[in-house]
1. Could you list, in sequence order, all residues of the stretch 96-114 that are crowded, with 17+ Cβ neighbours inside 10 Å and either over 11 Å from the mean Cα position of the chain (by Cα) or among the hydrophobic types (A, V, I, L, M, F, W, C) (or both)?
2. Given the conditions (1) under 23 Å from residue 62 (Cα atoms); (2) of a type outside the set (Val, Ile, Thr); (3) touching a Gly at 6+ places or on another chain (Cβ under 9 Å); (4) not in a loop (DSSP other than H, G, I, E, B), report the number of the one that residue 116 does not fulfil.
3. Taking only the stretch 153-173 into account, find how many residues are open to solvent by 80 Å² or more (accessible area, probe 1.4 Å) and hydrophobic (A, V, I, L, M, F, W, C).
4. Identify all residues within the stretch 119-152 that are open to solvent by 20 Å² or more (accessible area, probe 1.4 Å), over 18 Å from residue 90 (Cβ atoms), of a type outside the set (Gly, Ala, Ser) and assigned to a loop (DSSP other than H, G, I, E, B); write none if there are none.
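The values are calculated or read from the model by the stated rules, or taken from the named source; none is laboratory data. What you are looking at is a predicted structure, and each value in this text was computed from that prediction instead of being measured. Neighbour counts run over all protein chains shown; Cβ positions are idealised from the backbone, glycine included. Note: areas computed on protein heavy atoms with side chains; ligands, DNA, RNA excluded. Shrake-Rupley method; radii C 1.70, N 1.55, O 1.52, S 1.80 Å.
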Amino acid sequence: EPAATVAARRRASSAERVRPSAERCISSTAVLIAPTTRETSEAMFVCAVTTAQVSTLSSGQIAGLRTDQITKLESDDLRALSTAALSKFSTDQFAALTSAQLIALTTAQVAQLRSSQVAALSSDQLSVLEVADVATLRTDPLQAIETAAFVGLTTSQIAAFTTSQFAALKTSQLVALD
């Protein structure tokens, strides 16, 4: 995908974002009094939480989010998180991120990912990371990528490795590069 297309998607205004239909949000408002099912509480989370609110989540609040709630965060919500807040995501939470969410991460956020977070990504998830973002990965997180997932990196992503990144690759990762 052309870099200009990806950049344009990152800059999409909040007006262009797709939130659940107003009718779903209105119906979920009725359950604010007494949510009875997990589905209604999920709907409330999606409808009720704003990007500004997500940006203020504490470490404890982030740790308490279920993976199904993580997958409902919008691109703007993730970009609003500080690198420190994003570092609080557990490996399960990070592995739950969708392709669209991973694409939405800023270069600064990707550069600060923990080794365990990068190691939690599948080959499909790794393949959607921006070329410029992959080039910012520190060597420890890069080495943490399991060989089975490492093969998901695209030719462009591998070509973007710095000499330090390339020199730090494990033998099993190098062998996996057909």
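1. Answer for the stretch 96-114, where residues must be crowded, with 17+ Cβ neighbours inside 10 Å and either over 11 Å from the mean Cα position of the chain (by Cα) or among the hydrophobic types (A, V, I, L, M, F, W, C) (or both): 96, 97, 102, 103, 104, 105, 110, 112, 113, 114.
2. That leaves (3) as the condition not met.
3. Of the residues in that region, 3 qualify.
4. Hits for the stretch 119-152 are 128, 130, 136, 138, 151.
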